[in-house]
Amino acid sequence: MLASIGAEAEIVPMTTSGDEGAPAETAPQGLKGLWTDTILDALEAGRLDLAVHSAKDLPAEDDEGFLIGAVPERGDPFDVLIMREAQLPGRALIGTSSVRRRAQLLAAFPGLTVTDLRGNVDTRLRKLADGDVDAVVLAAAGIARLGVDPPFGRTLTLEEMVPAPGQGALAVQCRDDDEATIATIAAIDHAPSHAALDAERSLMWRLGGGCALPLGAYAESRAGALRLVALVATPEGDRVLRVESSGVEPEALAGDVARDLIELGAEEILAEVRTG
């Protein structure tokens, strides 16, 4: 994308604490910080001009000194149920490490069992093939970017599974005082995708949520306005709070949806999960 606008770029491969398997408690920003720490250190030191993240790996607030200068057009934001066979068996065992996915699976598909399953995509798919579980849930954009095309899988609908905030989007981050870089990457920004991400991250910030909490949020542009669907659920899926609203300004829309969720009891659910 940078080459298409005449900007030369060198890709600098990096390994984060999350890639190396470090525990969340070692990262200053917890689980999300595991996937950004060394990259942000290099960006701050000036060894990089840009950092490219999966948007859902970023904390709800920008780190001091950085900003998201561009959000390219979003990929598939939804989750995919990948099965070992064409049909799930009765009382299927589903693997996921996400409490958000766990809660919604249990709510949408009574009778199945959800078990903790960790590792990268290859590891999870190998455990599926080995029969450790009957199915796994992965982000559609993630498997697409890896070129993975499982034979048995289907996209979970928005009614079945609200995605994580930022899922399917890339966030191009730079230093907030680097005016030349900010001006350059503006050309690869997709305004509707950026507005949607702003709404989802603002909601996550207002609820104090993150990828370790049962919080889903998905915004999309419709006829010049934003539609935001958000969900908070208990880990066992026995209580699901869901709110949908539309508006023009991402922050205001997120504020409206957060207020409605809080009135329904979202803060109590999230507090219980954090302390549990």
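The values are calculated or read from the model by the stated rules, or taken from the named source; none is laboratory data. The model shown is predicted, which means the values in this text are computed figures rather than measured ones. When we count neighbours, we look across all protein chains shown, and the Cβ atoms used for this are built from the backbone with ideal geometry, even at glycine.
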| remark: Over segment 237-253, the set of residues in contact with a Lys or Arg (Cβ under 6 Å, 6 or more places away or on another chain) and either at positive phi or crowded, with 18+ Cβ neighbours inside 10 Å (or both) is none
| request: Please work out if A171 is at pLDDT 95 or above and more than 19 Å from I94 (Cα to Cα). | output: yes
| Does G119 fit the bill of being within 17 Å of the chain's Cα centre (by Cα), modelled with pLDDT under 95 and not assigned by TED's automatic domain parsing to the domain that holds A217? | yes
| note | Going through segment 56-85 in order, the residues found to be small (G, A, S) and modelled with pLDDT of 95 or more are G69, A70, G75
| said: Would you confirm, using the coordinates I've provided, whether E179 is modelled with pLDDT of 95 or more and out of contact with any Cys (no Cβ under 9 Å at 6 or more places or on another chain)? | reply: yes
| said: Can you confirm whether L106 is modelled with pLDDT of 95 or more and outside the structural domain of I182 (by TED's automatic domain parsing)? | reply: yes
| remark: Note: among S97, S54, just one is within 22 Å of the chain's Cα centre (by Cα), within 18 Å of L138 (Cα to Cα) and assigned by TED's automatic domain parsing to the domain that holds A144, namely S97
| remark: Taking segment 50-82 and keeping only residues that are more than 25 Å from P192 (Cα to Cα) and in contact with a helix residue (DSSP H, G or I) (Cβ under 8 Å, 6 or more places away or on another chain), one is left with I82
| query | Since G168 meets every condition but one in (1) on the phi > 0 side of the Ramachandran plot; (2) part of a strand (DSSP E or B), which condition does it not meet? | reply | (2)
| field | Qualifying residue in segment 90-103 (condition: touching a strand residue (DSSP E or B) at 6+ places or on another chain (Cβ under 9 Å) and surrounded by fewer than 13 Cβ atoms within 10 Å (Cβ to Cβ)) | value | yes
| remark: The condition of being modelled with pLDDT of 95 or more and of a type in the set (A, V, I, L, M, F, W, C) holds, among A212, A223, A199, only for A199
